[in-house]
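Below: the structure, in structure tokens.
The values are calculated or read from the model by the stated rules, or taken from the named source; none is laboratory data. Model, not experiment: these values are computed from the prediction. In this analysis, Cβ positions are derived from the backbone assuming ideal geometry, glycine residues included, and neighbour counts consider all displayed protein chains. Please note that ligands, DNA and RNA were not included when accessible areas were found on the heavy atoms of the full protein model with its side chains. Shrake-Rupley method; radii C 1.70, N 1.55, O 1.52, S 1.80 Å.
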Amino acid sequence: MTSSRRTRGLALAAALLLVLTACTTGFGGLTLRIAAGNSGGVYYKLAQTLATAWQTGLDIDRPQVLQTQGSPDNVAKVLAGQAEIAFVAADVAADQYKTRPGLAALARIHDDYLHVVVRADSPIRSVVQLTGHRIAIGTPASGVEYIASKVLKVAGLADSVTTTPLGLADSVAALLNGRVDAVFWSGGLPTPTLVDYNTKGSLRLLDIADLMPKMQAISPVYGTATIPASTYNQLLPVTTLVVPNFLVVPKSMRDDVAEALVRGLFDARSQLALANPAALSIDVHPGIETQPIPLHPGALRYYRAQKT
């Protein structure tokens with residue numbers, strides 16, 4: 001064989017190897033569904049951006065973004081095989097993991113802030129003053145309902161208020177129409193629906209600092225934080241409860257898929273921040289803090305490569 005023919009043969013073999021490698025390491029045929037909450041929340045906004053980022057980064061069909069009731073519904077969908085990825089509040093994830101340890105975490109993402117909202121002209125100034133009133137507490141099986149029930153219980157109001165299950169947009173509309181007297185919502189800052197409804201300063205947030213010691217005794221994942229006055233055009237900042245959010249997947253997910261999803265998440269931080277400022281807090285270093293939900297081995301491989 002001449003030298004030129006041998007060279008051509010080696011080149012063809014190298015090209016074939018590249019093709020075979022691409023076929024065995026790609027994600028062609030992979031389909032993903034993201035359980036993402038209601039369309040007015042931060043989960044949903046971020047999920048839409050992530051779906052596009054993962055489509056490009058993994059070279060797959062765009063993942064389907066599922067509109068759901070919220071965190072409890074999201075966990076149920078992952079465990080039932082009806083979604084591959086879910087946005088989940090840490091309190092819901094922690095409680096579910098105690099009895100159904102089929103979840104693994106990809107990352108801690110942004111934090112959710114509890115909003116207890118009344119009309120700006122309401123005489124109600126604290127949660128304990130809600131006794132005898134009508135309260136919208138989120139849709140059934142939502143993270144909002146989950147946390148609202150805990151707050152009402154520690155405030156001693158579980159049996160002295162009338163609760164109505166409504167989504168965020170319907171809750172705020174009912175508040176402004178006088179059909180309810182307060183709205184509970186747990187979401188990132190700012191929550192677009194609340195910003196849209198509060199253009200004329202018609203809403204006011206309640207401070208819940210007095211309830212925080214009891215809430216933190218219920219769950220170690222709960223923290224205390226401040227919602228700045230400028231977030232929703234308020235006169236004063238308020239102290240409230242904050243809970244982290246996780247991206248979770250089934251433990252059975254392939255390691256290479258989980259690793260690629262985590263890489264795509266952090267590569268898309270600038271796009272996620274444009275979708276909602278809550279994503280500004282997404283970072284590799286706090287990303288590994290998903291206790292008590294263990295990191296997926298593929299996610300852990302990514303973090304170790306980043307030396308975190």
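Miscellaneous remarks
- Being in contact with a Leu (Cβ under 8 Å, 6 or more places away or on another chain) and either more than 27 Å from ALA275 (Cβ to Cβ) or in contact (Cβ under 8 Å) with a residue 12 or more places away in the chain (or both) is true of TYR197.
- One residue from GLY156, GLY167 being modelled with pLDDT under 95 and open to solvent by 10 Å² or more (accessible area, probe 1.4 Å): GLY167
- Restricting the first member to region 79-104 and to residues that are within 18 Å of SER149 (Cβ to Cβ), and the second to residues that are open to solvent by 40 Å² or more (accessible area, probe 1.4 Å) and among the aromatic types (Phe, Trp, Tyr), the beta-carbon pairs closer than 8 Å and six or more apart or on different chains are ALA89/TYR146; ASP91/TYR146; VAL92/TYR146.
- Residues of region 130-148 satisfying the condition of being closer than 22 Å to THR193 by Cα and of a type in the set (Gly, Ala, Ser): ALA136, GLY138, ALA141, SER142, GLY143, ALA148
- Among (1) under 21 Å from the mean Cα position of the chain (by Cα); (2) of a type outside the set (Phe, Trp, Tyr); (3) surrounded by 16 or more Cβ atoms within 10 Å (Cβ to Cβ), the one test that LEU203 misses: (1)
- Contact map, region 201-225: residues that are modelled with pLDDT of 95 or more paired with residues that are open to solvent by 40 Å² or more (accessible area, probe 1.4 Å) and among the hydroxyl-bearing types (Ser, Thr, Tyr), Cβ distance under 7 Å, separation 6+ or inter-chain. Pairs shown: LEU203/TYR197; MET212/THR224; ALA225/TYR113.
- Members of region 61-88 that are assigned to a loop (DSSP other than H, G, I, E, B), within 20 Å of ALA104 (Cβ to Cβ) and in contact with a helix residue (DSSP H, G or I) (Cβ under 9 Å, 6 or more places away or on another chain): PRO63, THR68, GLN82, ALA83, GLU84
- Residues considered: HIS110, HIS115. Of these, the only one that is open to solvent by less than 10 Å² (accessible area, probe 1.4 Å) and under 30 Å from ASN177 (Cα atoms) is HIS115.
- A Cβ distance below 8 Å, combined with a sequence gap of six or more or placement on separate chains, defines the contacts here; from region 241-255, residues that are in contact (Cβ under 8 Å) with a residue 60 or more places away in the chain and basic (Lys, Arg) reach residues that are open to solvent by less than 10 Å² (accessible area, probe 1.4 Å) and part of a strand (DSSP E or B) in the pairs LYS251/LEU103; LYS251/ALA104.
- Out of GLN129, GLN64, GLN55, one residue alone is open to solvent by 20 Å² or more (accessible area, probe 1.4 Å) and under 27 Å from GLN306 (Cα atoms). It is GLN55.
Here is a yes/no grid of residues against (1) touching a helix residue (DSSP H, G or I) at 6+ places or on another chain (Cβ under 7 Å); (2) closer than 17 Å to PRO244 by Cβ; (3) open to solvent by 20 Å² or more (accessible area, probe 1.4 Å):
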| position | (1), (2), (3) |
| --- | --- |
| ASP256 | yes, no, yes |
| GLU259 | yes, no, yes |
| GLY264 | yes, no, no |
| ALA279 | yes, yes, no |
| ASP283 | no, yes, yes |
| GLN291 | no, yes, yes |
| PRO294 | no, yes, yes |
| PRO297 | yes, no, yes |
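- In this structure, VAL92 qualifies as at pLDDT below 95 and in a helix (DSSP H, G or I).
- Take the conditions (1) part of a helix (DSSP H, G or I); (2) in contact (Cβ under 8 Å) with a residue 40 or more places away in the chain; (3) open to solvent by 10 Å² or more (accessible area, probe 1.4 Å); THR139 misses just one of them, which is (1).
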